[in-house]
2 protein chains.
Amino acid sequence: MVMTLTPIERIPLIQPGLNLADQILRCMAAMGLSLQDGDVLVLAQKIVSKSEGRLVNLVDIVPTEQATALAVETEKDPRLVELILRESREVLRTRPGTIIVEHRLGFVCANAGIDHSNVAGSGDETQEWVLLLPENPDHSANRIRKEIRERTGVNVGVLIIDSHGRAWRLGVLGTAIGLAGMPGLVDLRGCHDLFGYELRITQVAVADELAAAASLVMGQAAEGHPAVHVRGFPYPLREGSFSELLRPHQMDLFR
Amino acid sequence: MVMTLTPIERIPLIQPGLNLADQILRCMAAMGLSLQDGDVLVLAQKIVSKSEGRLVNLVDIVPTEQATALAVETEKDPRLVELILRESREVLRTRPGTIIVEHRLGFVCANAGIDHSNVAGSGDETQEWVLLLPENPDHSANRIRKEIRERTGVNVGVLIIDSHGRAWRLGVLGTAIGLAGMPGLVDLRGCHDLFGYELRITQVAVADELAAAASLVMGQAAEGHPAVHVRGFPYPLREGSFSELLRPHQMDLFR
């Protein structure tokens, strides 16, 4: 099956409280793009987070002693470090500029996914906004999915992604942080190959594979497109959660 | 720009010595698919490896003492462990069933990427074939790219992928192990976002993102498609190497 990824054009700057499902459907309509059952919409976390008002003004944050000490060690703003710690369960590694944490949502990422860039700034020094990840990205995806179904009658998957670094390899990769109506992991145990051998590979991170694919089409810079329409996702839609993708600590050899 | 991934149909079982570029062009022609400058062909390592005769009969392998000891510890075939060690620079972690190594090519993967499945077996106990990764996947990609240019006059990228596990997350992900005529990593340093902030994210693992995308379309089981045609890869083609994606040891916090 052919898979087609189409960046959704002309999504405006997202304000807190905006209905994202409405906005995306309007932009798709303007492009002549329609939805059908089995399609997936992939959304950059920043537009979901902004629509949910997850902006924090650093001017309002008072760092603890722990945050201040870690800020010195990592050469970061102590108020930002305070937010990173509040959003995390555990600090795994640090180096200048980077704090690698287990986020309170359970995944491992740098700086708790808190983003300085692409947040409206005014040059006013009393306004230093940063953007936290959505409170619960699976819930966000589920809400958007339901709103789309109510408005269109169509059953789509919704995937929320962020750009994550990895161990061992350079560069960031689009990675699933929330999803609804689609699988996170697909289990192929019991499937056989052409010669009847049971497959060596038993679990495929299909939501992460789609996150990476959509991330390519989104781009990263000013001309980026924070939402992508996917036709031809080759796995059946079902209820799902990004947490399918989390490796249990006792199975993780690299902590 | 829309990105379209099309699985190439009816690729036959690959025999050692087969000209892959020819075979793929023939299958594409049969589908009415043509190539244009900027397209990328993504190939599963198994067809490249088979065409290069990287099959090894385990019956011919005599394990060293070191391999035998590691085989007991990991509950694996000592002859297979012997091959894993020969294909690796360093063993990073082990657990029953899995040996995580730095492959001699420089990336970290399980069992040195040696594959039992999808290799022709006959039921004959004197024939226990396994498949090693290509000797030099960048060279393989480059050769295929040149052959395609000679036959068609078209300038395409070629990407060779395998399925790799990750730290922290479950499931395998299509991952770049060799490439030619396309970037591995794209450096966005100096790019700015909508508000003029310099981007937080500076290097994007575009070859790994495309590997993951193509892997979705390939599938894993009997009905899989080991080659995918990509139209609309959103980055300019250039000379490249998978080694752009390798994190230098001194920059790796998770070894």
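The values are calculated or read from the model by the stated rules, or taken from the named source; none is laboratory data. On a predicted model such as this, the values are computed, not experimentally measured, just so you know. Cβ atoms come from the backbone with ideal geometry, glycine included; neighbour counts cover every protein chain shown. Ligands, DNA and RNA are stripped out before the accessible areas are found, and what is left, the full protein with its side chains, is counted by its heavy atoms. Shrake-Rupley method; radii C 1.70, N 1.55, O 1.52, S 1.80 Å.
Restricting to the range A:95-109, count the residues that are at pLDDT 95 or above and assigned to a strand (DSSP E or B). Walk me through how you get there before you give the answer.
First, pick out the residues of the range A:95-109 that are at pLDDT 95 or above: A:99-109.
Of the ones still in play, those that are also assigned to a strand (DSSP E or B) are A:99-103, A:108-109.
Number of matching residues: 7.
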Could you identify the single residue in A:Leu70, A:Leu33 that is at pLDDT 95 or above, surrounded by 19 or more Cβ atoms within 10 Å (Cβ to Cβ) and farther than 23 Å from A:Phe242 by Cα? A:Leu70
So, of the residues in the range A:189-223 that are open to solvent by 20 Å² or more (accessible area, probe 1.4 Å) and either at pLDDT 80 or above or in a helix (DSSP H, G or I) (or both), which turns out to be nearest to the other protein chains (Cβ to nearest Cβ)? A:Gln203
State which residue is modelled with the highest pLDDT when the search covers only the range A:236-254 and only residues that are in a loop (DSSP other than H, G, I, E, B) and facing chain B (nearest Cβ under 8 Å). A:Arg247
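Residue check: is A:Val172 facing chain B (nearest Cβ under 10 Å), surrounded by 20 or more Cβ atoms within 10 Å (Cβ to Cβ) and within 30 Å of A:Thr98 (Cβ to Cβ)? Walk me through it before giving the result.
Numbers: facing chain B (nearest Cβ under 10 Å): yes; surrounded by 20 or more Cβ atoms within 10 Å (Cβ to Cβ): yes; within 30 Å of A:Thr98 (Cβ to Cβ): yes.
So A:Val172 fits the description; yes.
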Within the range B:29-41, how many residues are outside any loop (DSSP other than H, G, I, E, B) and under 21 Å from the mean Cα position of the chain (by Cα)? 2
Are any residues in the range A:42-82 assigned to a helix (DSSP H, G or I) and within 22 Å of A:Pro226 (Cβ to Cβ), and if so, which ones? A:Gln45, A:Lys46, A:Ile47, A:Val48, A:Ser49, A:Lys50, A:Ser51
Looking at B:Thr4, B:Thr94, can you tell me which residue is within 21 Å of B:Ala211 (Cβ to Cβ), under 23 Å from the mean Cα position of the chain (by Cα), open to solvent by 10 Å² or more (accessible area, probe 1.4 Å) and not aliphatic (A, V, I, L, M)? B:Thr4
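Consider B:Val158 carefully, then state whether it is at pLDDT 95 or above, of a type in the set (Val, Ile, Thr), open to solvent by 10 Å² or more (accessible area, probe 1.4 Å) and not in a helix (DSSP H, G or I).
Working: at pLDDT 95 or above: yes; of a type in the set (Val, Ile, Thr): yes; open to solvent by 10 Å² or more (accessible area, probe 1.4 Å): no; not in a helix (DSSP H, G or I): yes.
In short, no.
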